[in-house]
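First up is the structure itself, then whatever we jot down about it.
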Amino acid sequence: MKILLSEWMKTKRTPVRWITFLTPVIFAALIVWYFSFRTITADTQISIFEAFFEVWATMVIPVGAGLIPGIMIHQEELAGCFNGFLGSKLPRRDLYVGKFIMLALLASVSTLLGVLALIIGSSLFLRISVSWSIFLRAAIMAMIGTLPLLAFHLWISLAWGMGASIGIGSGGILIAALMATSLGDQIWPFVPWAWPVRLSLLTGAELLDLTGMNLPSSVMVSDYITSQAVKGFIPAAVLFAVLLSGGLIWFQKWEGRKLTD
């Protein structure tokens, strides 16, 4: 807990807090504002769901996963070229895990805040009774898919710096966008940047039952969601374990980088 409190205090004079808390609210507000100019129909909730999670998971998450770890590690780099960070009396393992947990908490809070703002905005301004449980489950799925990316970018930020982390995250936008189309139907379980968008959109299939369309039964929809989720969860869990454990082992012997920025 002390490590997490310390990590939180380190974000005080950085843009991390603004990015975490302001970005999701602004994004949700833009979605609500856009749909306020459109006719509200039975399909509007599905359109809102897809618009939010497709853009959030294909653009915001890849950039955020590269930007926030980059900023946090860059701050440590500027503080005596990692001397304060590496010179701590705390075990190296605790330092690394503490940094990752803070990243995971920031990413989770940001996603949940965006969804809650979207639900509230849709209810107040669009007069739509949103199926909040489906939206929240989609947010959880997106967060699960984000964890391997955070573990990857934490390692990259330490080893190569903020520029490399942001650059790779920006490239992830294109990969995630492609994987969200039919091009990724077969290979998405093996592409890390596809996991947030593909996993989050799975729960949207439940919204189809609310439109009154002649669709497969709820049991069939549930079986489909479960089978597809397992396809994503297994490789995501394996890669997450490899990246986090690999980063920990590497960090035990790491002695920092020369200040290049």
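The values are calculated or read from the model by the stated rules, or taken from the named source; none is laboratory data. None of these values were measured; they are calculated from a predicted model. Cβ atoms come from the backbone with ideal geometry, glycine included; neighbour counts cover every protein chain shown. In case anyone asks, the SASA skips ligands and DNA or RNA and just uses the protein heavy atoms, side chains included. Shrake-Rupley method; radii C 1.70, N 1.55, O 1.52, S 1.80 Å.
Restricting region 10-41 to residues that are more than 22 Å from the chain's Cα centre (by Cα) and more than 17 Å from Ala117 (Cβ to Cβ), which is surrounded by the most Cβ atoms within 10 Å (Cβ to Cβ)?
So, considering only residues that are more than 22 Å from the chain's Cα centre (by Cα) and more than 17 Å from Ala117 (Cβ to Cβ), the one surrounded by the most Cβ atoms within 10 Å (Cβ to Cβ) is Ile40.
When you check Arg137 against the structure, is it over 11 Å from the mean Cα position of the chain (by Cα), farther than 18 Å from Ile31 by Cα and in contact (Cβ under 8 Å) with a residue 24 or more places away in the chain, yes or no?
yes
Do the conditions hold for Thr44, that is, is it more than 21 Å from the chain's Cα centre (by Cα) and either open to solvent by less than 80 Å² (accessible area, probe 1.4 Å) or at pLDDT below 95 (or both)?
Yes.
When you go through (1) closer than 19 Å to Leu149 by Cα; (2) open to solvent by 40 Å² or more (accessible area, probe 1.4 Å) one by one for Ser88, which number turns out not to apply?
Only one criterion in (1) closer than 19 Å to Leu149 by Cα; (2) open to solvent by 40 Å² or more (accessible area, probe 1.4 Å) is unmet by Ser88, namely (1).
Can you confirm whether Pro196 is more than 14 Å from the chain's Cα centre (by Cα), part of a helix (DSSP H, G or I) and modelled with pLDDT of 95 or more?
Taking the combined requirement at face value, the residue does not satisfy it.
Within region 166-207, restricting attention to residues that are more than 21 Å from Phe240 (Cα to Cα) and hydroxyl-bearing (Ser, Thr, Tyr), which residue is surrounded by the most Cβ atoms within 10 Å (Cβ to Cβ)?
Per the criteria, the residue is Thr203.
Just a yes or no: is a residue in region 29-51 within 20 Å of Leu149 (Cβ to Cβ) and in a helix (DSSP H, G or I)?
No.
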